[in-house]
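Here's the structure, in structure tokens; my notes come after.
No lab work stands behind these numbers, since they all come straight from the coordinates. Everything numeric here is computed off the predicted structure, so don't read it as measured data. Glycine also receives a Cβ, built like all others from the backbone with ideal geometry; neighbour counts cover every protein chain displayed.
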Amino acid sequence: MTEKLYWNDAYAKEFSARITMLNGNEVVLDKTLFYPTGGGQPNDTGKITCNGNEYKVVDVKSNNDEIIHVLDRNLDAHVGDTVSGVIDWDRRYKLMRLHSAIHLIDGILENKYNSSMITGGQIYEDRARIDIDMQELNREKAEELISEANKIAKEGHEIQARFIPRDEALKIERLARTETGKELIKNLDVVRVVEIKGLDMQSDGGTHVKNTNEIGTIKLSKFENKGKHRKRIEIILED
């Protein structure tokens, strides 16, 4: 089992760990700051150093409770050896800001329409895509939604992550916004919850900024009508 250090401190950039599994260019550590692809958030990249050699981390995957680091070449080491790791902080911070921006928009939809309408999304390093089930949404209304999100972001709402027992999580209405998320909660002993104070709370395993004022200015870069029940918006962030 890999200890997920990014859950303890999403702002940490360097760490040391011990190798627990090694298979060519794939390595599992006893703990890591590298976030694996999941929940619409891409994996971290960076480097690890072992026995005086430096390796690029080009992919990170999750396999049950283990985090697999994929390197640019085979690792010359043995199980039990110690490595030091450094994440690409600029990339991570962009992803954190975009992820928090999506939660902010989701929270507005949840509060304004009493139902979350986000049906899918994907974060990229320079933008994020959000699919919304809202028949009346057009570009003008999307611009209004983004304008409201920027207003709330600048108010400086604290963003916190914590773990709660499964039974408590199941009692919180709409803590998970998808059927897949609801089923996942049923199989967990504890559930990680991300809360934007005064606006939104939902189960989530990703990394986020500490305050909405770190998000920056959200810009609507694209609007697409994908059908009656699917409108797609694309956002970018400005500092």
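Sequence gap at least 6, Cα distance under 8 Å: using those rules, report the relative contact order of region 3-87 to the nearest whole percent. List each step's numbers first, then the result.
Details: 198 pairs, mean separation 30.6, N = 85.
Worked out over region 3-87, it gives 36 percent.
Plugging the Kirkwood radius over Cα pairs into Stokes-Einstein for region 3-87, at a temperature of 25 °C and a viscosity of 0.890 mPa s, what D comes out in µm²/s? List each step's numbers first, then the result.
Values: Rh = 12.5 Å.
Rounded to a whole number, D works out at 196 µm²/s.
Based on Cβ point charges of +1 for Lys and Arg and -1 for Asp and Glu, what charge dipole magnitude is obtained for the chain about its Cα centre, in debye rounded to the nearest 20? Intermediate values should be presented prior to the final figure.
Values: 36 positive and 42 negative charges, 105 e Å.
With Lys and Arg at +1 and Asp and Glu at -1, about 500 debye.
If we count every other residue with Cβ under 12 angstrom of Gly46's Cβ, Lys/Arg +1 and Asp/Glu -1, where does the sum land? Display every interim value, and only then the final one.
Values: positive: Lys13, Lys47, Lys56, Arg91, Arg92; negative: Glu14, Asp44, Glu54, Asp59, Asp72, Asp88, Asp90.
Once positives and negatives cancel, what remains is -2.
For the chain, set up a Gaussian network in which alpha carbons nearer than 10 Å are linked by springs, and say which option among Thr207, Thr180, Thr45 fluctuates the most.
Highest fluctuation among the options: Thr180.
Among Ala128, Ala153, Ala77, which one shows the highest mean-square fluctuation when the chain is modelled as a Gaussian network with alpha-carbon springs under 10 Å?
Maximum fluctuation in the GNM of the chain, among the listed residues, is at Ala77.
Past 27 Å, Cα to Cα: identify those pairs from Lys4/Lys226; Lys94/Lys186; Lys4/Lys154; Lys61/Lys94; Lys112/Lys222; Lys112/Lys210, in the order given. Walk me through the numbers on the way to the answer.
On the way: Lys4/Lys226 37 Å; Lys94/Lys186 31 Å; Lys4/Lys154 30 Å; Lys61/Lys94 20 Å; Lys112/Lys222 22 Å; Lys112/Lys210 24 Å.
Over 27 Å Cα-Cα: Lys4/Lys226; Lys94/Lys186; Lys4/Lys154.
May I ask for the longest run of the chain untouched by chymotrypsin sites (Phe, Trp or Tyr not before Pro) that are loop-located per DSSP and have at most 16 neighbouring C-beta atoms (other than their own) within 10 Å?
Numbers: sites that count: Tyr11, Tyr124.
After excluding every exposed loop site, the longest remaining stretch is 125-239.
Rounding to the nearest 10 and keeping the result within 0 to 90°, find how far the Cα-based axis of helix 139-154 lies from the longest principal axis of the chain.
Orientation of helix 139-154: about 60 degrees from the principal axis.
Provide Arg97, Arg18, Arg92 in ascending order of the number of other Cβ atoms located within 10 Å of each residue's Cβ, fewest first. Numbers along the way, then the final one.
Working: Arg97 21, Arg18 12, Arg92 25.
The most exposed by this proxy come first: Arg18, Arg97, Arg92.
Quick one: Karplus J couplings for region 225-233, per residue in order, coefficients 6.51, -1.76, 1.60, θ = phi - 60°, nearest Hz, x for Gly and Pro?
Calculated HN-Hα couplings, in order: 8, 9, x, 4, 10, 8, 10, 10, 10 Hz.
In deg cm²/dmol and to the nearest 500, what is the mean residue ellipticity at 222 nm of the chain if only DSSP H runs of at least 4 residues count, each as -39500 (n - 2.57), divided by the residue total? The partial results should precede the final answer.
Numbers: 5 runs with 59 residues, N = 239.
Rounded to the nearest 500, the figure is -7500 deg cm²/dmol.
Taking only the Cα atoms of region 65-167, how large is their convex hull per residue, in Å³?
197
Rank Lys61, Lys210, Lys112 by mean-square fluctuation in a GNM of the chain with C-alpha springs under 10 angstrom and give only the top-ranked residue.
Of the options given, Lys112 has the highest mean-square fluctuation.
Using the Kirkwood formula over every pair of different C-alpha atoms, what hydrodynamic radius in Å results for region 99-214?
Working: mean 1/r = 0.0674 Å⁻¹.
The answer is 14.8 Å.
Quick check: Cα centre of region 122-186 to Cα centre of region 55-80, how many Å?
What the calculation gives is 31 Å, centre to centre.
What's the local net charge at Lys231, with K and R +1, D and E -1, over the other residues with C-beta under 10 Å away? Could you put the intermediate results ahead of the total?
Working: positive: Arg139, Lys141, Lys226, Lys228, Arg230, Arg232; negative: Asp131, Asp133, Glu136, Glu224.
Local charge sum for Lys231: +2.
Could you state, as a whole-number percent, how many of the C-alpha pairs of the chain are farther apart than 26 Å?
On the way: 11974 of 28441 pairs.
More than 26 Å apart: 42 percent of the Cα pairs in the chain.
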